[in-house]
Amino acid sequence: MCFMLRLAVSYGDKYIKLNEIAKSENIPEKYLENIVSVFKPANLILVKRGAKGGYKLSMPPGQIKLKEVYEILNGGILQETLVERSLNETLNKKVVIDLWQELRLKLSEFFESITLQDMVNDYKKKHEDQLFYVL
């Protein structure tokens, strides 16, 4: 998530090098290479090789929903799963299964309502607040 937020904060024409992101986010570069390999096939990032190469978002941050990013990273956990009900299922188990399904629905709706741009706005506000206190 930090990788995508970093690209969103820097959205524009400039490509950002992976080692720069690794250093600024304090994340091992090898780990980021794995993250890139997940996002590249999803067409959320652009990759440019060479001295002026790097990574950037393929579209404006306001067009990328947090749900999409989360599901790419976590394999679609937020998607509703079909739970096979059996006749001998206990009432306790039915209540717990219903609770988890409701939680998945709420999380899905929450992540669907947030874009990377919302996170950028929050980042900028917190950055401004931090600068205010440092002065």
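The values are calculated or read from the model by the stated rules, or taken from the named source; none is laboratory data. Treat the numbers as computed from the prediction; the structure is a model and nothing was measured. Cβ placement follows ideal geometry from the backbone for every residue including glycine, while neighbour counts extend to all protein chains displayed.
Quick notes
- Filtering GLY54, GLY62 for residues that are on the phi > 0 side of the Ramachandran plot and not charged (D, E, K, R) leaves a single hit, GLY54.
- Among residues of the stretch 106-125 that are over 17 Å from PRO60 (Cβ atoms), those with a Cβ under 6 angstrom from a residue that is part of a helix (DSSP H, G or I), sequence gap 6+ or separate chain, pair up as PHE111/LEU66; PHE111/LYS67; PHE111/TYR70; GLU112/LYS67.
- In the stretch 3-18, the count of residues that are assigned to a loop (DSSP other than H, G, I, E, B), at pLDDT 90 or above, surrounded by fewer than 17 Cβ atoms within 10 Å (Cβ to Cβ) and among the small types (Gly, Ala, Ser) is zero.
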